[in-house]
1. I want to confirm something. Restricting to segment 37-60 and keeping residues that are of a type in the set (Val, Ile, Thr) and within 11 Å of the ligand (Cβ to nearest atom), which single residue is farthest from Leu5 (Cα to Cα)?
2. Can you tell which of Glu30, Glu8, Glu43 is touching a Ser or Thr at 6+ places or on another chain (Cβ under 7 Å) and modelled with pLDDT of 95 or more?
3. Do you know which residues across segment 34-82 are assigned to a loop (DSSP other than H, G, I, E, B), surrounded by fewer than 16 Cβ atoms within 10 Å (Cβ to Cβ) and of a type in the set (A, V, I, L, M, F, W, C)?
4. Can you confirm whether Leu29 is crowded, with 17+ Cβ neighbours inside 10 Å and either within 24 Å of His121 (Cβ to Cβ) or within 14 Å of the ligand (Cβ to nearest atom) (or both)?
5. Restricting to segment 91-115, what's the tally of residues that are touching a residue at least 12 places away in the same chain (Cβ under 8 Å) and either open to solvent by 40 Å² or more (accessible area, probe 1.4 Å) or of a type in the set (D, E, K, R) (or both)?
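The values are calculated or read from the model by the stated rules, or taken from the named source; none is laboratory data. Remember, predicted model here, so these are calculated numbers, not experimental data. Cβ sites come from the backbone with ideal geometry, for glycine too, and all protein chains shown count toward neighbours. When the accessible area is computed, the model is the full protein with side chains, heavy atoms only, and any ligands, DNA or RNA have been set aside. Shrake-Rupley method; radii C 1.70, N 1.55, O 1.52, S 1.80 Å.
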Amino acid sequence: MVEKLIDEAIRARQNAHAPYSRFQVGAALESADGRVFPGCNLENASYGLTICAERVAIFKAVSGGCREFLRLAVVADTQREVAPCGACLQVIWELCGDILVIMANLNGKQALSKCSDLFPHPFNPKDLG
Ligand code: THU
């Protein structure tokens with residue numbers, strides 16, 4: 001259920017470590033076998049080491065051996081529903097495939113898009129040869 005996944009992302013957001021931007025993000029990735037992997041953004045004083053909530057959720061899942069995914073929810077305290085950044089879309093596309101991306105804010109706004117609609121022309125790993 002979409003609302004349940006958004007709730008998991010809102011819960012994960014509470015663990016965000018965002019002392020520099022003060023912009024807290026939560027994510028929740030649902031696997032094909034029904035598990036939910038939460039993630040939050042984790043910033044670092046060396047700013048470039050920051051990792052987005054979506055990638056935390058994905059890396060947790062994949063590093064734990066999970067490979068089949070259905071949906072990813074992302075939530076922040078924004079006016080509109082928040083969308084994943086381009087770097088995260090590249091990672092979603094490569095590690096999760098063309099899953100449903102649920103974008104939401106804390107006030108109940110939500111939008112659903114396939115990854116390929118948000119990111120129609122990804123870098124293709126097959127181009128590496
Ligand atoms: N951030 C995410 O967690 N996900 C995104 O898709 C975009 C940005 C985080 C990174 C940084 O900690 C903060 O939001 C501000 O850019």
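1. Thr50
2. On the way: Glu30 fails: touching a Ser or Thr at 6+ places or on another chain (Cβ under 7 Å); Glu8 fails: touching a Ser or Thr at 6+ places or on another chain (Cβ under 7 Å).
Step by step, each of Glu30, Glu8, Glu43 is checked, and only Glu43 is touching a Ser or Thr at 6+ places or on another chain (Cβ under 7 Å) and modelled with pLDDT of 95 or more.
3. Ala45
4. Numbers: crowded, with 17+ Cβ neighbours inside 10 Å: yes; either within 24 Å of His121 (Cβ to Cβ) or within 14 Å of the ligand (Cβ to nearest atom) (or both): yes.
Against the criterion (crowded, with 17+ Cβ neighbours inside 10 Å and either within 24 Å of His121 (Cβ to Cβ) or within 14 Å of the ligand (Cβ to nearest atom) (or both)), Leu29 qualifies.
5. Keep residues of segment 91-115 that are touching a residue at least 12 places away in the same chain (Cβ under 8 Å), which gives 91-106, 109-115.
Now restrict to residues that are either open to solvent by 40 Å² or more (accessible area, probe 1.4 Å) or of a type in the set (D, E, K, R) (or both): 93-95, 98, 100, 106, 109-110, 112, 114.
Qualifying residue count, segment 91-115: 10.
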